[in-house]
Amino acid sequence: MNAVVMDLTLRGLLGRRRSVLLVILPVLLLLLAALIRWASGGEPLNTVNLVNAFAMGTLLPLICLLIGTGVIGSEIDDGSIVYLLAKPVPRRTILLSKLVVAWGAALVFAVLPIVAAVEIAGDDGGRLGAAYGVAAALAAITYTAIFVALSVVTRNAVIIGLLYALLWETVLGGYVPGVRNVSVRQWALAAAERILGDRATMWRVTSDVSLTAALALLAVATIGAVVLAVRRLQTLRLTSAD
């Protein structure tokens with residue numbers, strides 16, 4: 001890791017206008033959680049509906065998209081990445097440093113708000129909070145790695161990422177059986193299902209993938225995305241036309 005690169009990345013991520021959404025989306029989730037708590041009195045099933053439909057299905061991938069494309073995609077688009085690549089720092093180190101910042105930001109702006117929303121909306125002895133906290137963390141790691149890699153591979157990362165997050169993960173991944181097997185959200189929910197045990201079926205926190213397979217798929221997707229991003233960054237050449 002390189003502390004200077006991490007500091008510059010964090011400043012760039014939080015200094016852009018899109019960072020406002022990193023605050024607005026979690027606040028919206030917390031407000032919805034408070035509304036559900038007021039309307040239902042803390043019924044866990046209503047909490048699950050909120051988290052499955054909005055938090056895990058929409059908010060988490062969107063925030064990871066904003067973060068993943070923000071830590072490096074913007075620099076590639078405006079050409080400022082050339083100044084960083086010209087420094088005597090291995091490109092692998094640059095990518096991994098940015099990825100660590102992205103993971104930390106995803107934890108703060110996505111995972112922790114989801115856990116807080118669960119507790120506000122209504123939990124059962126902390127079980128749902130723990131289950132969704134683990135699931136959100138696993139999904140955030142993979143989502144962020146995928147979107148960082150996407151930013152290095154293409155300049156249309158935001159558009160492609162939006163289509164992936166909203167269409168594949170939210171719509172198809174939530175309701176189409178075949179797609180559910182190759183959905184990051186469903187892989188992460190396998191961990192939540194294992195943590196909840198017998199209560200998972202009652203609260204409808206289920207996944208079509210076994211925990212072992214889910215963890216293996218998450219690891220393969222994350223490592224594959226990181227390797228792809230590193231190799232693409234190592235061969236990246238910015239010309240004056242770019």
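Read-outs throughout are calculated quantities, based only on the coordinates presented, and are distinct from any laboratory measurement. Quick caveat: nothing in here was measured; it's all calculated off a predicted structure. Every residue, glycine among them, receives a Cβ derived from its backbone with ideal geometry; neighbour counts consider all protein chains shown.
Order 112-119, 62-69, 27-34 from most to least packed using the mean count of other Cβ atoms within 10 Å.
Working: 112-119: 21.8, 62-69: 26.2, 27-34: 16.6.
Output ranking for 112-119, 62-69, 27-34: 62-69, 112-119, 27-34.
In degrees between 0 and 90, to the nearest 10, how far off the longest principal axis of the chain does helix 19-40 point, with axes built from Cα atoms?
For 19-40 against the chain, the angle is about 0 degrees.
What whole-number volume per residue, in cubic angstrom, does the convex hull of the C-alpha atoms of segment 15-142 give?
On the way: hull volume 11.5 nm³, N = 128.
In segment 15-142, the Cα convex hull volume per residue is 90 Å³.
Just flag the trypsin sites (Lys or Arg not before Pro) in segment 53-161 sitting in loop per DSSP whose Cβ has no more than 16 other Cβ atoms within 10 Å.
Answer in residue order: Arg155.
Please build a GNM for the chain, connecting alpha carbons under 10 Å apart, and tell me which residue among Val226, Val158, Val23 fluctuates the most.
Val23
Leu13: net charge of surrounding residues, Cβ under 12 Å, Lys/Arg +1, Asp/Glu -1, itself excluded?
On the way: positive: Arg11, Arg16, Arg17, Arg18, Lys98; negative: Asp7, Glu75.
Counting the neighbours of Leu13, the net charge comes to +3.
What list do you get for Ser151, Ser40 if you sort them by fewest beta carbons within 10 Å?
On the way: Ser151 30, Ser40 16.
Final ranking by Cβ density, sparse to dense: Ser40, Ser151.
Using only DSSP helix segments of four residues or longer, with each worth -39500 (n - 2.57), what per-residue ellipticity at 222 nm results for the chain after dividing by its residue count and rounding to 500? Write down the numbers at each step before the final one.
Working: 14 runs with 168 residues, N = 242.
One gets -21500 deg cm²/dmol as the mean residue ellipticity at 222 nm.
With a point put 7 Å past each Cα toward its Cβ, work out how far Ala219 is from Leu162 in nm, to one decimal.
Computed distance between label sites Ala219 and Leu162 equals 3.6 nm.
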